[in-house]
Each structure stands twice: as C-alpha cells, then as structure tokens.
1. Looking only at residues that are in contact with a helix residue (DSSP H, G or I) (Cβ under 7 Å, 6 or more places away or on another chain), in contact (Cβ under 8 Å) with a residue 40 or more places away in the chain and more than 20 Å from residue B:115 (Cβ to Cβ) in segment A:69-80, which one is farthest from the other protein chains (Cβ to nearest Cβ)?
2. Which count do you get for residues in segment A:123-133 that are facing chain B (nearest Cβ under 7 Å) and without any contact (Cβ under 8 Å) to a residue 60 or more places away in the chain?
3. For residue A:290, work out the one condition from (1) in contact (Cβ under 8 Å) with a residue 60 or more places away in the chain; (2) in contact with a strand residue (DSSP E or B) (Cβ under 6 Å, 6 or more places away or on another chain) it doesn't fulfil.
4. Would you check which residues across segment B:13-32 are near DNA strand C (Cβ under 10 Å from one of its atoms), more than 24 Å from residue A:76 (Cα to Cα) and touching a helix residue (DSSP H, G or I) at 6+ places or on another chain (Cβ under 7 Å) and list them?
5. Quick check, is residue B:309 at pLDDT below 95, within 14 Å of chain A (Cβ to nearest Cβ), more than 24 Å from residue A:270 (Cα to Cα) and in contact with a helix residue (DSSP H, G or I) (Cβ under 9 Å, 6 or more places away or on another chain)?
6. So, residue B:107, is that one within 30 Å of residue B:22 (Cα to Cα), surrounded by fewer than 19 Cβ atoms within 10 Å (Cβ to Cβ) and away from DNA strand D (no atom under 13 Å from the Cβ) or not?
7. When you look at residue A:134, is it modelled with pLDDT of 95 or more and either touching a strand residue (DSSP E or B) at 6+ places or on another chain (Cβ under 9 Å) or within 26 Å of residue B:297 (Cα to Cα) (or both), yes or no?
8. Somewhere in segment B:11-22, is a residue away from DNA strand D (no atom under 15 Å from the Cβ), more than 10 Å from chain A (Cβ to nearest Cβ) and modelled with pLDDT under 95?
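The values are calculated or read from the model by the stated rules, or taken from the named source; none is laboratory data. These numbers were taken from a predicted model, which means no experiment stands behind them. Cβ sites come from the backbone with ideal geometry, for glycine too, and all protein chains shown count toward neighbours.
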DNA sequence: ATGAAAGCGCTAACAT
DNA sequence: ATGTTAGCGCTTTCAT
C-alpha cells in the first residue's frame, strides 16, 4: 500500500533490513541474532559471535519491525495518554515526565486529546481492541468520564488515572492537594491576611474535598476562622472562577485574599477582578494552585503554587509499567518534590484595614 | 507480557475476539469475514451471508488486530507528527486539522515533540525503521532541522513539511504568508498610520522573505515608503521580538506602528514595550501574524491576523495520504480561508503627529 | 553453542 | 459463492 517500500532494485529505495539480513551478514541463524539483540539471558554464545552479530546489526542499522514483534509478543510497547487538552500549557510538564519515563523503558506515548473522544466516541475502544496500546494513562474530564471509564473497565485495559483518584478501580497517581493548598494559604497568612477566602472545585470532583481540607487545616492551625460565605465550590473552569469572584465581591465584608484551587479558575477570577476595576493585589490578593506558563503572561502575573507535575507523569508511567508486568494496581500520592510557592504579582500584604468594601465600586445597598 | 490478556478461563478477562471467532459465529471461513469487513469489491457473497457476518462482528465487537494486519499489509495507518512544541497553544488548531483529516481516513496521528528528538536523537529514525509510522508530518526547527531532515531523506519516509517549504525534497504545506502580512499592514494603513515598521524573521528561514514581501507590496500599493531602519530581521522568538523593540525604539524618528511577522516575537516585543512604559497602542500600534489563545491574555490583548491553521493541518494529512498511495509529492500553498484580522487592543489610530520620539522616555542623545 | 521450526492474526492469491 | 493456504517478521521452544 505504502508507495515507498518496494523490493530493492537498482536505484529504488532499499528494503528495510530484517533479522535474516543481519543473520546472513553475521553468518548465524536468525534465532541467534534475535537472542543477542534482545539480550536473552539464556543465550550461551561465544563472545566473538555476539560481537559479530552486533557489528552486523549496527552496520545495517537494523531495528526490529514493530508489527512482527508485536504480533509475536502480544504487546506493542505503546501506551495511550488521554488528556483533557494536550495543548494546554498546564500539561506540558506532566507530559515531559511521561515522556522521560517512556524513554527510559522504550515505550512510546501516544497522546489522545480527550476532546477527540467526544467526536469519535469509539476511538479509545478501537485503540484498545485493535491492540494498538498496551495500557492507558487517563485524566478524566467530568463530561466524558463515566462512559469512557466504563468502557475502559469493561475492556480490562491496564490503566492509571492521572491527578484524580478513580472510583472505578485501583490505579491512580494524585498530587498531595492538601499540602499544596496549605502552602498557598500560609503564604497569605504570612503576608498579614486574616480574612481569607477559598475558591474551590465542584464537590463531586474527588480533588475538591482534599483541597478544601488543606485550606481548612492551614487556617485552623493559625487560629483563623473560616467564613462560609468566603468559600465557593463552583468548579475549575475560568467561567467558574468568574462566578466565584461575583459571589465573593458582592459581600458586605469581603476577604482581603483568596486561595484558588486551580489555575484555570484563577485566570477567570483575575479577569473578572480586572473588569470590575478591583486592584489585585492591593484590594485583593490571589494565590492559586498549579503553576503554568500563562500565569506569567496574565496581568497581574499570578502568584501560584507549583505542584510536581513532571514527577506525577513520570510515576504514572512507572506504575503503569508495573501493572503491565503483573503487579497489582495501587493508588499513589506524589509528595516529592513538595509544592513550591512561585511569587509573582498577585499577592501582597493587605491594605490597612477599612470596614468598607473596597471591592464594590458601585455603592448600592 | 501484558498481564491482562490471558486465555479466557472462568472469571478471567476474555481474550479479544479475532477473525476466527467471528467466522465461527457466522459459520463461514475467515477469508469471507475479512473480505466482508474490509469491503472487498471482489467479494461475491450472498446478501444474507454478509449480514450474518456483520451481525457476528458487531455482537462480538470485533476489531482487527493492528499487529496482524500491519504485518500483512506492510503499513500501520499511523503517521508521525513532529511539532516544535506540541503543547504550544499556537499548534492547537493545526493539530485539530490534522486530527480531523486523520479521523476521516482512519489514520492515527502520533505526536512527537521536536524537543524529544534532541534528547533522544534516534527517536524518529527508530519510529521509521521499526515501521511504527507510514509517513511523517514535520515542522522543522532550525536547530535540529538539518540532521533530522537528512535522516528522513535518507530513510525515504514519505514526508510533508509543515509551514515552511522544504529545501530537501518536495512535499510541503505553507501559508500564504504575504497575504497575511498584507492584511496586517493594510489595517494599520486604514487606521491612519503612515510610519510603519516591520519586525521580520531571520532571513535564512524560508518564510521570512515571503512575509517581508507581503509588507513591501502592501506599503508600495498605498504609496508609502519603507524605511530600512524600521525593518528588523532578527528572528521569531520572544527574545528576538524584545531585541527588535530595542532597535526600533532607540531611533530619533520611530514608526507609529509595526507589523510583526509572528506571534512569539509579538509577545516579546509587547513585553519590552510595556517595560519601557511605551503605551500600546497610543504611542505604538502592533499587529502580528498568527493568532493564538495567549494573544487574548496578554496586556494589551494583541490584534492579530489569524491564518488558516486548521486547514493547513488538514491539507497536510490529505497530501501525505496521497503520497502514501503513490502520488508524487507537491508543494502546496493554503490560501483558503483567507487571513482574518482579529481586532483587539494593540492597534489604534496614531496620535496626532509629533516629531519628538514618544517612545524614548529617557531623553539621552 | 547454535539452528529449525511453530505460530502470533491477518490479507489475498489461488483453489473449488 | 465460499474455502484453503502462504506468508508478512519476529520470538521462543525444542532439537542438535
């Protein structure tokens, strides 16, 4: 079918070398070549033979054909990586961790944007049933989580869930969300804030309660009260962040600072603040969980808590490889390296206190 | 190797159905099943038989094993997509076009960030020599372009170059760069600017002269002069954009507006302007080629010219598929849809003219 | 210490 | 109108 793979004639593109070519060049049988190149421990060959085979393979630039090998081994050394938006800067670092771990194990990551699964709902099932992947790394998004995850469970694909813990089966890698939120909260406390709000995620998302509890414990251990009206649980999207701002800014006595549980909500929250001419950080300080490149470009640049994204990706692959080699699936929390505060411009000391709401420029009620 | 694929015992995960299972269920031979499911035109079967086979395949949720099929067909229906940074928002839309075209042809795109190739230089060669991809879509970056492209040429992999034209061999899909730059330039002229500069790319990059010529012809057809000192050819990175600002802002009589030949340079240029307290757009208007999500987040939001990224990706796959089926490689210019001006905040009418340099706040020299 | 050969799942040429 | 079979390139068991 493919036009370039003709039998070698004079001038035409050469056929790719295969086992038998190496075997002929080294004057051994193909089985010896296979064993040498795969480092078969049961191999009992003369050093000289091994060297001859290796030299022949190198000079021919031999690489085992993936289809032949896969057919025989019943595995393809490819893992599918399903991400909400592979183009988001947020995932750049996680993907780098995934790639690094894959490189070490001679695995190929095949990235599938979750959005594609919506349009082409059997895409994942196809990949699995056609045997194009040995296993899956999945970061579920709410909308498609249920049906996709059910398909995955039904197909018995070795799977590790990223960032959130699976309700379906063991096998996940998550951040220490509470620790990250605590770092953010303590930074605001250290700056002198006492009136601190929390913009959280939707309670049904399994990360949300962990993040909220990080906020609560950091506040409590500094003896600071938590005011219900300063805590929103609207979701993780920019729109949710905007809504959270609306809810918090309308209050008679608003907080002087907020911890925001995720990056996208922080973008929306800050945008809404700017549109309402609320000065960040002078009127309102913001620290958000999860750093990302766009945090730098936003005005004001966002102070964030950077979580170990690289390591999460790395460990996810590591654990998936364990599962593929027969070990039981586990739920892993990535605690190292610890969350790191990235100070930029969105958090500062509170203004000298005034009991008027500086956030509400329109003085109604 | 993979732990989940055991022979079906009681309770254990079921073996994936294969041709012979469908054949047994439909009481026909495996060749009939293969021909029915592949829509073989030479098939001369009874309608009833066809229906029986299709029903059996559907009820078993049969999917042909990729390894078996690939081994036989000598093609894998996977194309490698090498992008400078797959995580950049810039490529999101191009990738969507690639995916859309792949979905239509039952191809799988396998995205490889070019950065990985630096660390793991034989990665691409490996993919090709192992037969894991049938062809390649490559956007070369300067640093690795030469060695990688040479490897590709040597391996005779069907390849289509993205965005820039290949000096190595035919097979490319590029934008109508001149048209895009002309749209940007004409917008500034329509706003009343006469003193317009151009921040271009490095001359060795093949897109650079096309973009410069678009600027020149738009200026000339409005009877506007081009001043050499307002034209920079430093490169496409944010740092290059910063350098371009430095060069332009230092002049006695600077332009009131600039066209910037690419998105990243515009980000750097605008950042440098902000740091120099130059008001954009009041002191200096900016229009850049290539829209991207971050153009909205930057302050001021950038006025840009959106190029047909989706279509470029789509056509690249289309053409690669043509090459794979034996047609000769061509160099394609994507002219539809035309470049579209996205008006945001970085371009406005020029200030009433003053012959002092408003860009140079420090009055030295 | 090395080789022969079976067989992974599929397509297609060749029977019938 | 349908079935039989060779063979794609590889790994691995079994033989020597």
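1. From segment A:69-80, those in contact with a helix residue (DSSP H, G or I) (Cβ under 7 Å, 6 or more places away or on another chain) are A:70-71, A:76, A:79-80; that's our starting set.
Okay, now just the ones that are also in contact (Cβ under 8 Å) with a residue 40 or more places away in the chain, so A:70, A:76, A:79-80.
Checking the rest, the ones that are also more than 20 Å from residue B:115 (Cβ to Cβ) come to A:70, A:76, A:80.
On the way: A:70: 4, A:76: 7, A:80: 10 Å.
So, considering only residues that are in contact with a helix residue (DSSP H, G or I) (Cβ under 7 Å, 6 or more places away or on another chain), in contact (Cβ under 8 Å) with a residue 40 or more places away in the chain and more than 20 Å from residue B:115 (Cβ to Cβ), the one farthest from the other protein chains (Cβ to nearest Cβ) is A:80.
2. First, pick out the residues of segment A:123-133 that are facing chain B (nearest Cβ under 7 Å): A:126, A:129-132.
Adding the requirement that they be without any contact (Cβ under 8 Å) to a residue 60 or more places away in the chain leaves A:126, A:129-130, A:132.
Number satisfying all stated conditions: 4.
3. (2)
4. Looking only at segment B:13-32, we keep the residues that are near DNA strand C (Cβ under 10 Å from one of its atoms), and these are B:15-23, B:29-32.
With the extra rule that they be more than 24 Å from residue A:76 (Cα to Cα), the set shrinks to B:23, B:29-32.
Within segment B:13-32, B:23, B:29, B:30, B:32 meet the criteria.
5. On the way: at pLDDT below 95: yes; within 14 Å of chain A (Cβ to nearest Cβ): yes; more than 24 Å from residue A:270 (Cα to Cα): yes; in contact with a helix residue (DSSP H, G or I) (Cβ under 9 Å, 6 or more places away or on another chain): yes.
Answer is yes for this residue.
6. On the way: within 30 Å of residue B:22 (Cα to Cα): yes; surrounded by fewer than 19 Cβ atoms within 10 Å (Cβ to Cβ): no; away from DNA strand D (no atom under 13 Å from the Cβ): yes.
Taking the combined requirement at face value, the residue does not satisfy it.
7. On the way: modelled with pLDDT of 95 or more: yes; either touching a strand residue (DSSP E or B) at 6+ places or on another chain (Cβ under 9 Å) or within 26 Å of residue B:297 (Cα to Cα) (or both): yes.
Here the answer is yes, as residue A:134 does meet what is asked.
8. Residues of segment B:11-22 that are away from DNA strand D (no atom under 15 Å from the Cβ), as a first pass: B:11-17.
From what is left, the residues that are more than 10 Å from chain A (Cβ to nearest Cβ) are B:11, B:15.
Filter once more, keeping what is modelled with pLDDT under 95: B:11, B:15.
Yes, segment B:11-22 has at least one match.
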